[in-house]
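The values are calculated or read from the model by the stated rules, or taken from the named source; none is laboratory data. What you are looking at is a predicted structure, and each value in this text was computed from that prediction instead of being measured. Reconstructed Cβ throughout: ideal geometry from the backbone, glycine too, with neighbour counts over all protein chains shown.
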Amino acid sequence: MRALCTGWLLAAGVGCNDATEEDEGSATPPVAAAEAPETEDEPELVEPQIEAIPEPGVVLQTAGRGAKEVLAWQAEPGTRRRLVMGLRVNTRTGSEPAPLFETPGLAVEAVDAIAQRAGGQLNVALLDIRGQELTLHVQGSRPGHIDRWVWMRQPGMLYGSWTRVRGPEAAQPLVPTLDPEMVFFQLDEFPLDDLPGLIDTILPRAMLEEPALPQSIRIERQLLLVGGTRAGGPAVSVHWSTGRESAYVYLNMDGSVRSANVSGTLAARGLDMVRDDWHLPMAAQDFEFLRGFPEILKVDIEPRDIDITYMDPQDPGNSTGIRWTLDGLRVNAPMMRDVLARSGVLAADPRAVFNFDEIDFGVLPGLKVEALARVDEPGTRVLRMIAERQVTGTGPPELHWTLTIGDPAKQGNLFNQVEGEKWEVVATPGGEIVRVMVRRFPEDKVVTLEVPLVRLDL
């Protein structure tokens, strides 16, 4: 006799159990299997219909709405076949259980299950959610130890799904040299109970062309390197990767958006921060922490980034800056700042400072349209936008937006000025245009097209 433990049986979820096929020469036909008993949550089985016999000794029988019954038969020489096993395979859905990102309250159940195994209240060093798994690094039973626990959910062979908690395993701290006690935090503030609602709220910030579920949600304390290595507050990062696009959205513990990195999206390809407008609300949101700061020197919008220069609170008399791109915010390196300060480049006039509350990125789209209409020259576009309070010595300094307009094909650089014209449109912080000037090269002349007359020395 040949063993019935075939690959088809194993794939169907049927164990071997030494089932054998019938010896040659036996003509005993298979007997019909008894119908499965009716239950409250299962429909009454329909009349069995044998579809095929994929392997000798195996009958595949249809029953119910999409369910399958796999029947294995065994026979001894000279005896009738007898049914040795009958397993019902769930083929109603044909897919894995929904991930944690789609199931409200499931992440809380996972954390509670780990807490029950770990012995109660959790001091968390890291939370990582990926698909059907939730990983926690928590304070161990011994001082200085960090334990790794994993909750996972997998589809059942026959019905539904099953869950499992694995751990504890040794986990590495955020930084080995840090006191482990410094990296722990509580999950109470984070809205774990409604991950689908949270994702729906923050998904527009990811700027994905096609909405998708995140790859992961990760919470751990920020690592601060300036002024010595230390742990900052807990921060949340949500990562999307669709194969065509990727994005990160960074959250506060209450679920509000702090910043994002959308440089890997299709929308980011070919972005010109002066020409385009869709990124301006993102930049304004990321600069929100500057609201109320009274010592801004300049806001400079160029095609690839937005720079803000301000008086350095930690180094009175000198200025520093912060740069925003689609990758997020970057602060000037202290080494570069000190070099420029010693050279006098960063020396700032305190009369030129203004409050960041006076800046409204929302006026720029309309202002650009009106400025181009005033210039009314074919092939021109806005090349740069600067907000600053210029100190001229002829009156109190006033805050203005200055839009530089020209033909990109005719513009050079500081050391290689090509023939052409550039227009400068000056407007109030509210977007009202007050004058338009033109610079002509190579004559190096400045002509004011609208009053008041102003002469700019080149």
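Some points to look at:
- Top-ranked residue in the stretch 246-284 [being assigned to a strand (DSSP E or B) and of a type in the set (A, V, I, L, M); ranked as farthest from R221 (Cα to Cα)]: A247
- Count of residues meeting criterion [within 17 Å of V236 (Cα to Cα), assigned to a loop (DSSP other than H, G, I, E, B) and either over 19 Å from the mean Cα position of the chain (by Cα) or without any contact (Cβ under 8 Å) to a residue 12 or more places away in the chain (or both)] in the stretch 179-212: 5
- Selection within the stretch 243-262 - surrounded by 17 or more Cβ atoms within 10 Å (Cβ to Cβ), out of contact with any His (no Cβ under 8 Å at 6 or more places or on another chain) and polar (S, T, N, Q): S259, N261
- Tally, over the stretch 268-281, of residues that are within 17 Å of the chain's Cα centre (by Cα) and crowded, with 19+ Cβ neighbours inside 10 Å: 1
- Scanning the stretch 118-156 for residues being of a type in the set (D, E, K, R) and farther than 20 Å from S237 by Cα gives a total of 3.
- Answer residue from the stretch 202-218, given it is touching a helix residue (DSSP H, G or I) at 6+ places or on another chain (Cβ under 8 Å) and farther than 16 Å from G264 by Cβ and is modelled with the highest pLDDT among those: I217
So that you can scan it fast, the table gives a plain yes or no per residue for (1) out of contact with any helix residue (DSSP H, G or I) (no Cβ under 7 Å at 6 or more places or on another chain); (2) modelled with pLDDT of 90 or more; (3) under 30 Å from D194 (Cβ atoms):
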site: E220; (1), (2), (3): yes, yes, yes
site: L225; (1), (2), (3): yes, no, no
site: G232; (1), (2), (3): yes, no, yes
site: S241; (1), (2), (3): yes, yes, yes
site: N252; (1), (2), (3): yes, yes, yes
site: S256; (1), (2), (3): yes, yes, yes
site: G264; (1), (2), (3): yes, yes, yes
site: D277; (1), (2), (3): no, yes, no
site: E288; (1), (2), (3): yes, no, yes
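- For the stretch 116-135, taking the residues that are free of Cβ contacts under 8 Å to residues at least 40 places away in the same chain and over 24 Å from Q222 (Cα atoms), the one that is nearest to the chain's Cα centre (by Cα) is identified as Q132.
- Test: I359 is modelled with pLDDT of 90 or more, under 29 Å from W423 (Cα atoms), of a type in the set (V, I, T) and out of contact with any Lys or Arg (no Cβ under 9 Å at 6 or more places or on another chain): yes
- Taken residue by residue, the stretch 182-201 has at least one member that is modelled with pLDDT under 90, over 23 Å from L134 (Cβ atoms) and assigned by TED's automatic domain parsing to the domain that holds R142.
- Filter result for the condition that a residue is modelled with pLDDT under 80, of a type in the set (A, V, I, L, M) and either in contact with a Leu (Cβ under 6 Å, 6 or more places away or on another chain) or over 30 Å from Q285 (Cβ atoms) (or both), over A348, A371, A427: A348
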